[in-house]
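All remarks here apply to the structure that follows.
The values are calculated or read from the model by the stated rules, or taken from the named source; none is laboratory data. As the structure is a prediction and not an experimental result, all values here were calculated from the model. For neighbour counting, all protein chains shown are included, and Cβ atoms are generated from backbone atoms with ideal geometry for every residue, glycine included.
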Amino acid sequence: MELIFERSRPGRAARAQAPRGAPPAADDIPQRFRRRRRAPLPECSEPDVVRHYTRLSQRNFSIDTHFYPLGSCTMKHNPRAANRLAMLPGFLARHPLAPEDMSQGFLACLWELQEMLKEVTGMAAVSLTPAAGAQGEFAGVAMIRAYHRERGETERTEILVPDAAHGTNPATATMCGFTVREIPTDAEGDIDLAALREAVGPRTAGLMLTNPSTLGVFERRITEIAAIVHEAGGLLYYDGANLNAILGKVRPGDMGFDVVHVNLHKTFATPHGGGGPGAGPVGVSERLEPYLPVPMVAEEGGEYRWVTEAERPRTIGRLSAFAGNAGVLLRAYVYMRLLGREGMARVADHATLNANYLLARLREAGFTPAYPNRRASHEFIITLRREAKELGVTAMDFAKRLLDHGFHAPTTYFPLLVPECFLIEPTETESPETLDAFVEAMRAILEEARTRPEVVRTAPHTLPVRRLDEVRAARELDLVWRPQEGEAGGGAPASGDRERLGA
Amino acid sequence: MPFVPHTEDDVRRMLEAIGVDDVEALFDEIPEEIRLRRPLELPEALSEAEVTRLMMDRAERDGRPVCFAGAGAYDHHVPAAVWEIATRGELYTAYTPYQAEASQGTLQLLYEFQTMIAGLMAMEVANASLYDGASALAEAVLMAVRAGRRGGGRRVLLPRTVHPAYRRTVETIVSPQGIELVEIDYDRRRGVIDPGALPEAPEGLAALVVQQPNHFGCLEEADALTDWAHRHGALVIGVANPVAAAVLAPPGEWGEAGADIAAGEGQPLGVPLSSGGPYFGFLCARKRLVRQMPGRIVGRTVDAEGRTAYTLTLQAREQHIRRSKATSNICTNQGLMVTAATIHMALLGPDGLERVALASHARARELRAALAAVPGVEPLFPETPFFHEFPLRLPLPARDLLRALGAQNVLGGVPLAGDYPELGESLLVCATETRTPEDIAAYARHLERIVARQGLFRCPTRPGGGG
Amino acid sequence: MSDVPEDLRYTRTHEWVRADEDGLLTVGITDHAQEQLGDLVFVELPEVGRHCEADEACMVVESVKAASDVYSPVAGEVVEVNEVLADSPELINKDPYGEGWMIRIRPDDPKALESLMDAEAYRELIEEA
């Protein structure tokens, strides 16, 4: 599809959207401060723009249009009420630095969300400010660092991470100044306890863990793991990516974790927006409470106020200019109020039911579970190693062919531990009919892989584009569009004086 | 329960297929001693109608004051089409575009965004967004230090004219990596970086940060500062307001060679104030620095049939591949806000964005003249060119003034004394194109009455010092 | 089957080393390694003059889906790097033992080479995997 820049025509504009009348001169701004060449933005009418971006939207898969069983991403239905209510004019118009007496309605939502997240995670205190899971991880590991430093234990320079962990875990540890040590996983998908025992010691700052793990199984010896790490003087970090599996069943705080982050854009149904925004609130046990990132919200006698650096001298500090992704927090708040006490626990019931059902059906269809002796959590892994070896059709090929069947592909090639893997997470909001249709598609692709493997290997066939040349994308970087000679849109001199005076 | 489709019959049939008697059996791998054997202490579920009522009450309770506050979040008009399209389910409920063939909409849109923001900043490359302006600056600092790694420079000059919350965010994010942040003081009379405060023989210098317009709304001598930093082997990180950049020289045009990295807050491009987020941070750079960039980057390529297609590229920099050696831990970004900003820029175009910038500046000039006419109220840096906000010295505590203005449905600005105690009682005030002459006149009228009522206009609350 | 020239020495991490007549060592990654990585899109090389320890990660090769550290097989000073790889990383795919060489090292210990695997041992290693 053509680019918006290719629709551009000099002098065309969406006039109603800009201020009326001749632009005032800004003659008080000396020329040395002025832009030399006009911004190379497209010149289009509103109908042009509306049609262009509407058409672009139609070149996407989304939860609204497709089953989207991406493991570890919890692509559940995004309730429309949450969106509409977070976008009420009063909330949208509120300036982030408005005084507290003009912010009580907003702050009430945030404070109640903090309280609800404390209860759901079993932690002593919560800060909502991290903007996404990875920023929550940063906050959490930075708190672990602050804790050890304040106790003078600066030799604790190592963060332990299971080899199946999300990439954000080791990346976060590095950002926080730690070195990373990987702990292997045993054949049943649990952490190798002997290796863990050997790894912990006076250099251990903490262990980062997802539970259920990225392998789609619950880490059964979690209390033992917690004891090993704590006895060595380390702290336990809970990556909340998979919290959906255990809502109301078991809480990170009760498992022995000292700090957790929660992905509101996964467990609490806020939209992913094609890559974001998310929100990654952090919860902590009492000993880490002083280090929570600011701002937080406090309540006294029905009045709400911000808690900032001024009254929290040991905080790790601020993570964004204001208070994080407030609009995402409001959406999660609405979702939690709609679900309430009973609904929250039933999320885990239905997510787990769907995952185990889908696993059973896929098994029946001839696919191989990576951990056949284990119960699925809210997600599970199948390995297509045999299909790859015998039929020459890889997990990637299956994934691309699924797109032709109208299903978004599961997570592929993660975790790296399992060869040719699909990490499948159906979520609680999908009906059994959808899951059955997915199984039928998988069955059909398997049959096709046997009879016409070339069709699978060259899929997709029905999408706007076929497989991409990613090598070319990386070798011949083309990251911004440049007009060809003689085309429109290429940076005419800015209005006003064409020449800039010297500095 | 809401949003779950299963009927009782479905559940029975599914349990049978799994081979268990009840749902509880599916949790049998969780050790009993840690199970939660009580209901969560949460409120009862509400119906959609009830939640709607609750949220409407709360949104209305906070009122909708006429906004003269800026300080990093600006009340510009957002064309109706922007969010009409951005909240289409296909954009709103899509995931990160890892399956390129099923995500060409989002991917092309991000490529268009990268083109627009890089063009606006006069830079060569851009990423697909970071969380917000403050964390984008932190990533820019890390990037600059990485780029100069071999030289060993780990000092970054972070002037006090940079947004205070940005400076604190940078400190939180970069300090674990042993980067030294050095404050540079400002000229008390002019409200811009004091050239005399720059180190004479800077050693181990990785970068200089320059915010334009700066936190006071004043225009920094960006050309001279850029050339100074480059002479001393340091990179220049420009923090720019993207609306102002339609009129002001963007970082890429500063000095002889231009800044090396441009970072900033994208909110003024089509994102409502919404209590501070979600907004989005942008990050642009020279092409030679592209491998040091954090975050997602979209590239244009071709598909198996030679058709133009878009994909995430340079992913080997990122956490899901590079793990502990990644450029950053960022994964989820602010894609939807970028979607809105792209549509916003496409609607306004170069002419529209310039009009918004010029009109904002004109309103701010009118506002400053009107407020400065109130006895006892003075602009702090009257000689320095400014864009669309400016600080005022007040003859009464800023907090009292804001409260009194609030009662008149006016959000009068943002107090500065907390971060700049040397300025005394002062207020950072902003006007965008959405403030009308009537709004401005009303603000001046209220201010005059409040000041007069306090009887304070003859006795300023702080000692003099220029103005 | 990957090409494993007889006249080179090898490491467990899939680097090859050639002893040149001038006493320097030329280092690259093996044919097996480039096959595993797939099409390379970027190569990061050390600066000339840098001293690398044995087994120190001092280079990186990237494909679209993976990034791999490349280790210095012996301790020594980097005296030359293959600048052409900056623009043409695919040379490693096309000619890993020739035009795709990565660095030349002056070894601290001229005998360090002897501790590395010969072609036969390396062939066994990759057959096991």
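Figures for the structure shown
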{"quantity": "Residue within region C:28-36 that is under 13 Å from the mean Cα position of the chain (by Cα) and surrounded by fewer than 20 Cβ atoms within 10 Å (Cβ to Cβ) present", "calculated": "no"}
{"quantity": "Flag if A:V120 is crowded, with 18+ Cβ neighbours inside 10 Å, within 7 Å of chain B (Cβ to nearest Cβ), of a type in the set (A, V, I, L, M) and over 29 Å from B:G133 (Cα atoms)", "calculated": "yes"}
{"quantity": "Breaking point among (1) under 30 Å from A:T412 (Cα atoms); (2) in contact with a Cys (Cβ under 8 Å, 6 or more places away or on another chain), for B:I321", "calculated": "(2)"}
{"quantity": "Yes/no for A:L423 being away from chain C (no Cβ under 14 Å), surrounded by 16 or more Cβ atoms within 10 Å (Cβ to Cβ), in contact with a strand residue (DSSP E or B) (Cβ under 7 Å, 6 or more places away or on another chain) and more than 30 Å from B:M123 (Cα to Cα)", "calculated": "yes"}
{"quantity": "First in region B:198-209 and outside the structural domain of B:G153 (by TED's automatic domain parsing) and at pLDDT below 90, second anywhere and part of a loop (DSSP other than H, G, I, E, B) and surrounded by fewer than 13 Cβ atoms within 10 Å (Cβ to Cβ), Cβ under 8 Å, 6 or more apart", "calculated": "none"}
{"quantity": "Cross-chain or 6+ apart pairs with Cβ under 8 Å, region A:73-91 first and more than 10 Å from A:P271 (Cβ to Cβ), then surrounded by fewer than 19 Cβ atoms within 10 Å (Cβ to Cβ) and of a type in the set (D, E)", "calculated": "A:A81/B:E48; A:G90/B:E60"}
{"quantity": "Tabulated pairs, region A:7-24, first closer than 12 Å to B:E433 by Cα and within 8 Å of another protein chain (Cβ to nearest Cβ), second in a loop (DSSP other than H, G, I, E, B) and modelled with pLDDT under 90, C-beta under 9 angstrom, 6+ apart or interchain", "calculated": "A:P23/A:S495"}
{"quantity": "When residues of region A:178-205 are limited to those that are of a type outside the set (A, V, I, L, M, F, W, C) and within 14 Å of chain B (Cβ to nearest Cβ), the one farthest from A:G234 (Cα to Cα)", "calculated": "A:E188"}
{"quantity": "Selected residue [within 13 Å of chain A (Cβ to nearest Cβ) and assigned to a strand (DSSP E or B)] from C:V78, C:V61", "calculated": "C:V61"}
{"quantity": "Pick from region B:276-302, criterion without any contact (Cβ under 8 Å) to a residue 40 or more places away in the chain and over 24 Å from the mean Cα position of the chain (by Cα), ranking: farthest from A:A132 (Cα to Cα)", "calculated": "B:V302"}
{"quantity": "Filtered residue count, region A:52-71, keeping only those that are in contact with a Ser or Thr (Cβ under 6 Å, 6 or more places away or on another chain) and buried (at least 21 other Cβ atoms within 10 Å of the Cβ)", "calculated": "6"}
{"quantity": "Search result, residues across region A:417-450 that are part of a helix (DSSP H, G or I) and among the aromatic types (F, W, Y)", "calculated": "A:F438"}
{"quantity": "Counted residues, region B:309-363 - those being at the interface with chain A (Cβ under 7 Å from one of its Cβ atoms), part of a helix (DSSP H, G or I) and within 20 Å of A:P277 (Cβ to Cβ)", "calculated": "8"}
{"quantity": "Positions within region B:31-76 being over 27 Å from A:A345 (Cα atoms), hydrophobic (A, V, I, L, M, F, W, C) and in contact (Cβ under 8 Å) with a residue 12 or more places away in the chain, in sequence order", "calculated": "B:V66, B:C67, B:F68, B:A69, B:A71, B:A73"}
{"quantity": "Helices (runs of 4 or more DSSP H) contained in region B:51-155 and holding at least 2 residues hydrophobic (A, V, I, L, M, F, W, C)", "calculated": "B:80-86, B:104-121, B:133-147"}
{"quantity": "Residues of region B:382-415 classified as within 13 Å of chain A (Cβ to nearest Cβ), touching a residue at least 40 places away in the same chain (Cβ under 8 Å) and either surrounded by fewer than 22 Cβ atoms within 10 Å (Cβ to Cβ) or not acidic (D, E) (or both), total", "calculated": "20"}
{"quantity": "Some residue of region A:364-386 being β-branched (V, I, T), assigned to a loop (DSSP other than H, G, I, E, B) and modelled with pLDDT of 95 or more", "calculated": "no"}
{"quantity": "Flag for B:A100 being within 20 Å of A:L402 (Cα to Cα), in contact (Cβ under 8 Å) with a residue 40 or more places away in the chain and among the hydrophobic types (A, V, I, L, M, F, W, C)", "calculated": "yes"}
{"quantity": "Pick from region A:211-245, criterion over 24 Å from the mean Cα position of the chain (by Cα) and of a type in the set (D, E, K, R), ranking: surrounded by the fewest Cβ atoms within 10 Å (Cβ to Cβ)", "calculated": "A:E231"}
{"quantity": "Matching entry among A:G140, A:G167 (being under 17 Å from B:A326 (Cβ atoms) and either without any contact (Cβ under 8 Å) to a residue 12 or more places away in the chain or under 25 Å from the mean Cα position of the chain (by Cα) (or both))", "calculated": "A:G167"}
{"quantity": "Residue that is farthest from the other protein chains (Cβ to nearest Cβ) [pool: residues in region B:77-91 that are surrounded by fewer than 22 Cβ atoms within 10 Å (Cβ to Cβ) and touching a Ser or Thr at 6+ places or on another chain (Cβ under 9 Å)]", "calculated": "B:H77"}
{"quantity": "Unmet criterion (only one of (1) crowded, with 24+ Cβ neighbours inside 10 Å; (2) part of a loop (DSSP other than H, G, I, E, B); (3) not polar (S, T, N, Q)) for A:G206", "calculated": "(2)"}
{"quantity": "Test: A:T434 is farther than 30 Å from A:D349 by Cα, at the interface with another protein chain (Cβ under 10 Å from one of its Cβ atoms), at pLDDT 95 or above and surrounded by fewer than 21 Cβ atoms within 10 Å (Cβ to Cβ)", "calculated": "no"}
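The rows are residues; the columns are (1) without any contact (Cβ under 8 Å) to a residue 12 or more places away in the chain; (2) within 7 Å of chain B (Cβ to nearest Cβ); (3) touching a Leu at 6+ places or on another chain (Cβ under 7 Å).
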position: A:G273; (1), (2), (3): yes, yes, yes
position: A:A298; (1), (2), (3): no, no, no
position: A:R312; (1), (2), (3): no, no, no
position: A:A326; (1), (2), (3): no, yes, no
position: A:Y335; (1), (2), (3): no, no, no
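Rundown of residues vs (1) touching a Lys or Arg at 6+ places or on another chain (Cβ under 8 Å); (2) under 29 Å from A:D404 (Cβ atoms); (3) of a type in the set (D, E, K, R); (4) part of a loop (DSSP other than H, G, I, E, B), yes/no style:
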site: A:A13; (1), (2), (3), (4): no, no, no, yes
site: A:A16; (1), (2), (3), (4): no, no, no, no
site: A:A22; (1), (2), (3), (4): no, no, no, yes
site: A:P40; (1), (2), (3), (4): no, no, no, yes
site: A:C44; (1), (2), (3), (4): yes, no, no, yes
site: A:V50; (1), (2), (3), (4): no, no, no, no
site: A:R55; (1), (2), (3), (4): no, yes, yes, no
site: A:S62; (1), (2), (3), (4): no, yes, no, yes
site: A:G105; (1), (2), (3), (4): yes, no, no, no
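One line per residue, one yes/no per condition, for (1) in a helix (DSSP H, G or I); (2) within 14 Å of chain A (Cβ to nearest Cβ); (3) not acidic (D, E):
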position: C:V74; (1), (2), (3): no, no, yes
position: C:I92; (1), (2), (3): yes, yes, yes
position: C:W101; (1), (2), (3): no, no, yes
position: C:I105; (1), (2), (3): no, no, yes
position: C:D109; (1), (2), (3): no, no, no
position: C:L113; (1), (2), (3): yes, no, yes
position: C:E120; (1), (2), (3): yes, no, no
position: C:I126; (1), (2), (3): yes, no, yes
